[in-house]
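Here is the structure we will look at.
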Amino acid sequence: MDDIWIINASPVIALAKVAKLDLCTQLCRKVILTSAVAEEIEVGPIEDLAR
């Protein structure tokens with residue numbers, strides 16, 4: 001198991017849409033989301049599960 005993952009918006013959005021975002025923390029010790037990635041996710045529609 002890798003200790004730290006730095007991930008971009010695409011896997012976060014895809015996993016959130018299928019309700020499996022918890023896989024990230026199950027497969028590694030720490031997940032890092034940069035502020036730019038968080039901003040990209042937050043601009044999605046309010047009803048979007050990934051937001």
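Summary table
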quantity: Pair-distance profile P(r), taking every C-alpha pair of the chain, with 10 angstrom steps and integer %; calculated: 26, 55, 18, 1
quantity: Efficiency of FRET between Glu39 and Ala19 - r from beta-carbon atoms, R0 30 angstrom, step 0.05; calculated: 0.85
quantity: Those GluC sites (Glu not before Pro) in the chain that DSSP places in a loop and that have at most 16 other beta carbons within 10 Å; calculated: Glu47
quantity: Among 21-34, 4-17, the order from most to least packed when residues are scored by Cβ within 10 Å on average; calculated: 4-17, 21-34
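Readers should treat all values here as calculations from the given coordinates under stated rules, not as data from a laboratory. The model shown is predicted, which means the values in this text are computed figures rather than measured ones. Counting neighbours? That spans all protein chains shown, and the Cβs are built from the backbone with ideal geometry, glycine included.
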